[in-house]
Structures are given as structure tokens and as C-alpha cells.
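Values in this text are rule-based calculations from the coordinates and carry no lab data. Computed from a predicted structure; not experimentally measured. With ideal geometry, Cβ positions are generated from the backbone for all residues, glycine too; neighbour counts draw on all protein chains shown.
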Amino acid sequence: MNLSQQYQLSNVLLTLLGPVLIVCIIISGSYVVSTYKDVTYSKQKTLWDVMQLDRELAHTKVEVKDYIHDISTAESLVLAYNILWSRIPTARNSFRKDLSLSERDNNEIDVLVGSLFEDVKRMEPIIVGQTEINKIALQEWLVKLEQHENAIRGNFIHDLASSSSRYARQTTATILKAATIPLFFIICFFLYLGYLLSALLNERKINQQMLDHDTMTGLHSRDFMMNTLKDLSESSSPFVLLAFDLNKFKTVNDKLGHHAGDKLLKYFASQLGSTLGQHGIAGRVGGDEFLCVFESTDQKTVNRYYGEFLLAIKQPCDIEGVSIQVSVSTGGVFSNNCDNHVACVLEQADRAMYEAKYQKLKTILWLNTDRRKVETQTKSIESSFSV
């Protein structure tokens with residue numbers, strides 16, 4: 001798999017990740033709601049079954065006492081005993097299904113209810129099927145029932161009803177544990193959105209970088225240069241504009257081919273960017289035409305910068321064994337001569353450049369629009385310009 005295929009695959013996976021995370025959030029959110037309902041239901045059922053067990057314990061105690069005091073019949077006691085007997089496994093089953101009860105709690109309850117179950121079971125041959133029930137055995141059983149009742153009320157019913165008990169904390173913990181799943185996916189989703197935003201901003205930055213720079217030479221693009229001039233004009237900041245045109249560029253293209261012309265443009269742009277571009281803003285505006293903007297309004301300073309540039313292009317450009325000496329015509333204009341009007345500055349810089357080409361000047365031709373005459377810098381930098 002090549003890099004392009006890997007990039008396409010990663011984009012597909014990234015596109016699918018968003019919907020997948022949303023589905024996971026919905027499913028896990030439903031799981032939290034379901035868990036909350038199940039926990040609430042199991043808590044209510046446990047509390048109900050415990051209350052019923054406690055009620056039957058109390059009722060059985062009353063029946064035992066009444067029978068001992070000859071107030072109740074054996075049939076009534078047997079009925080109460082059978083109901084109590086049936087309540088114990090129901091309550092025990094509820095405890096085991098309660099989602100909020102830990103293994104430790106279940107063990108404690110199992111011991112408690114198991115002890116009650118054994119004591120109730122032990123009384124079966126004494127109570128069931130008997131017309132006369134042993135009152136001494138009932139008296140002893142009554143004491144045990146009271147102990148079981150106190151244990152259930154003190155150790156369990158209070159724990160179920162209290163909002164600060166271990167059972168309540170366990171209930172909350174069960175719900176929170178379920179809530180961590182959608183929370184995890186929500187965090188992942190926001191991280192995903194953050195990544196997308198970062199990628200979008202980065203892509204926008206790259207696109208802007210591509211728009212602001214000429215693809216072939218790496219210098220600033222025409223649009224960027226025009227926007228720069230517009231910004232300087234609107235801020236009324238004085239500036240200097242130099243316009244460049246490569247001499248005999250068409251000859252290079254015709255004799256050596258367009259690939260040679262492209263290499264020459266790249267070489268020229270490299271020298272322009274490494275010299276004048278370090279002091280101002282250099283860009284390619286089309287073909288073999290270039291611009292450079294300086295915020296300095298000192299002509300001598302710009303001439304000095306230009307001298308550095310001329311020294312840089314004295315080194316011939318070697319293209320496929322052919323040594324090409326670069327020659328350039330350059331026109332310069334001060335923005336205040338055009339009242340900072342961009343169209344005027346561009347027109348005058350272009351006019352100065354073509355005048356320099358006509359005069360075959362090796363230096364900047366400065367156009368003074370106030371006096372409508374051509375001035376050339378007095379200091380000439382000697383160099384050879386021929387193809």
C-alpha cells in the first residue's frame with residue numbers, strides 16, 4: 001500500500017469515526033438509562049420483599065403469641081407459618097438479583113436469611129399437620145423470630161432506606177460505573193472534533209500558504225502581492241515598489257526549451273528571495289515578471305539592497321551544461337508620488353521597468369512622477385548580462 005492509498009484509507013476511517021462515536025454514545029447512553037431503571041426497580045423490589053418478609057415475621061409472631069395465650073387457633077398459626085415460609089425464598093431471590101448489592105452484602109444477607117430459613121424449616125414438623133402445637137417450642141421459636149426481626153430491621157431495612165448507607169453508595173456507584181462508558185465516548189467525540197478542527201485549520205493554513213506562494217518559484221504569489229499593496233495603500237504607509245523583468249527570457253525558452261526557462265525562473269527567484277526578499281516582500285506576478293515591496297522610503301538604502309541582488313546574480317545559472325548569465329531590467333517608484341494609489345504605483349513601476357529595458361540599464365530606473373522625468377541611480381554596478 002503506497003502513501004496515497006494510506007492517506008485515502010486514513011481519511012475514510014476518520015470520516016467513519018464520527019458516526020461510529022455518535023452511535024456508541026447513543027447505545028451507551030441507552031445502557032445508562034436501562035441500568036438506572038434496572039437498579040431502581042431492583043432496589044424497589046428488594047425493599048418491597050424485605051418489607052413483606054418483615055411484615056410476615058411480625059404477623060407470625062402475633063399468631064404465635066395468640067396461640068400461646070389461647071387466643072388463636074392452630075389453623076391460623078399454620079397459615080401464618082406457610083405464608084412466612086413462602087416469603088423467604090422470594091426475598092432471597094430478590095437479594096441475589098439486586099444490582100446494587102455487592103458480593104459481600106449478598107453473603108451477609110444470605111447468612112441472615114439462611115439462618116431465618118433454617119429456624120422456620122426446623123419448626124415445620126412441630127407446626128404443620130398438628131392439631132396441638134408444643135407451646136414451649138413455640139415460646140423458644142418466638143424468641144428466635146424476634147432476634148431475626150431485629151437483625152433484619154437493624155441491619156438491612158435501615159440500610160435500604162438510608163440515603164447515606166453503603167447500599168445507597170453502592171447503588172450510586174453502579175449507575176456511575178455505567179455512566180463512565182458514554183462519558184468515555186463523549187470525551188473521544190470531543191477529542192475527535194478537536195482533531196478535525198485542528199486538521200481543518202492546518203489544511204486551511206496549507207491552502208493559504210499555497211495561495212500566498214507561487215507554485216514554481218516559492219516566492220509570494222500575485223494575489224498576495226496585490227493584497228500587500230492594497231493593505232499598505234489603505235493604511236497610508238509609504239513604500240517603494242520595484243518591478244523586474246528577465247531580459248532575453250524568450251530566447252532561453254526558444255533555444256533550450258521551457259524546462260530550461262523554468263529552471264532559470266527558479267534560479268532568479270532564489271537569488272531575489274535570498275537578497276531583496278530578506279529586506280522586503282518579493283513575489284512573482286506572472287511569466288518572467290517579479291515585484292518587490294519595501295517599506296523603506298530611502299532610495300539609497302533600496303539601491304544598496306539592489307546591489308546585493310546584482311552581486312548574487314553575477315554567478316551564471318548552469319542549465320544542462322549551458323552557462324546562462326542572468327540579465328534583468330528593473331523599475332522603481334515611490335508610492336507617495338502616486339498618493340499611495342495602487343493602480344498608479346503599478347503603472348509607474350511597469351513604465352519604469354520597460355524604460356530600463358529600452359535603455360538596457362543594469363541599475364534601477366527610478367521614475368519621479370511629480371516631475372515626469374526619468375532618473376537613474378548615479379552609482380553603477382558593473383556586471384555582464386548576456387545569454
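Among Asp214, Asp223, the order by Cβ neighbours within 10 angstrom, fewest to most, reads Asp223, Asp214. For region 132-245, the Cα gyration tensor yields ellipsoid semi-axes of 87, 15, 6 Å (square root of five times each eigenvalue, largest first, whole Å). Of the GluC sites (Glu not before Pro) found in region 148-248, none is in coil by DSSP with at most 11 other Cβ atoms within 10 Å of its Cβ. Karplus-derived 3J(HN,Hα) values for region 15-28, using 6.51 cos²θ - 1.76 cosθ + 1.60 with θ = phi - 60°, are 5, 6, 4, x, x, 4, 5, 5, 4, 4, 5, 5, 5, 5 Hz; glycine and proline are entered as x. All Cα-Cα separations within region 199-304 were binned at 10 Å from zero, giving a P(r) of 14, 40, 31, 13, 2, each value a whole percent of the pairs. Largest first, the extents of the alpha carbon coordinates of the chain on the three principal axes equal 141, 48, 26 Å.
Dipole check for the chain: with +1 at the C-beta of Lys and Arg, -1 at the C-beta of Asp and Glu, and the Cα centre as origin, the magnitude is about 1260 Debye. Among the cysteines of the chain, those with no neighbouring cysteine Cβ under 4.7 Å are Cys24, Cys188, Cys292, Cys317. Among the trypsin sites (Lys or Arg not before Pro) in region 9-99, none sits in a DSSP loop with a Cβ that has at most 13 other Cβ atoms within 10 Å. For region 198-271, chymotrypsin sites (Phe, Trp or Tyr not before Pro) are listed when DSSP marks them as loop and at most 13 other Cβ atoms sit within 10 Å of their Cβ; the list is empty.
Using a simple spin-label model with pseudo-atoms 7 Å out from Cα toward Cβ, Asp318 and Lys230 lie 4.4 nm apart. When Met225, Met353 are sorted by how many other C-beta atoms sit within 10 angstrom of their C-beta, beginning with the fewest, the order is Met225, Met353. The Cα atoms of region 222-376 give a gyration tensor whose axes a ≥ b ≥ c have a/c of 1.5 or more with a/b greater than b/c, which makes the shape prolate. Here region 47-70 and region 260-328 have alpha carbon centers that stand 106 Å from each other. Above 16 Å, the calculated P(r) of region 51-92 contains 32 percent of its Cα-Cα pairs. Rounded to whole numbers, the Karplus 3J(HN,Hα) couplings from phi for region 180-186 are 5, 5, x, 4, 4, 5, 5 Hz, using 6.51 cos²θ - 1.76 cosθ + 1.60 with θ = phi - 60°, and x at Gly and Pro. Mean residue ellipticity, 222 nm, helices only, the chain: the sum of -39500 (n - 2.57) across DSSP H runs of n ≥ 4, divided by residue count and rounded to 500, is -23000 deg cm²/dmol. Values of log10 I(q)/I(0) for region 3-181 across q = 0.16, 0.20 Å⁻¹ run -0.94, -1.22, by the Debye formula with one identical scatterer at each alpha carbon and no solvent.
Each of Glu56, Glu132, Glu308 was scored by other Cβ atoms within 10 Å of its Cβ. Arranged with the fewest first, they read Glu132, Glu308, Glu56.
Partners of Lys248 within straight-line reach, counting lysines whose Cα lies under 22 Å from its Cα and excluding those fewer than 8 residues away in the same chain: Lys263, Lys266, Lys314, Lys357, Lys360, Lys362.
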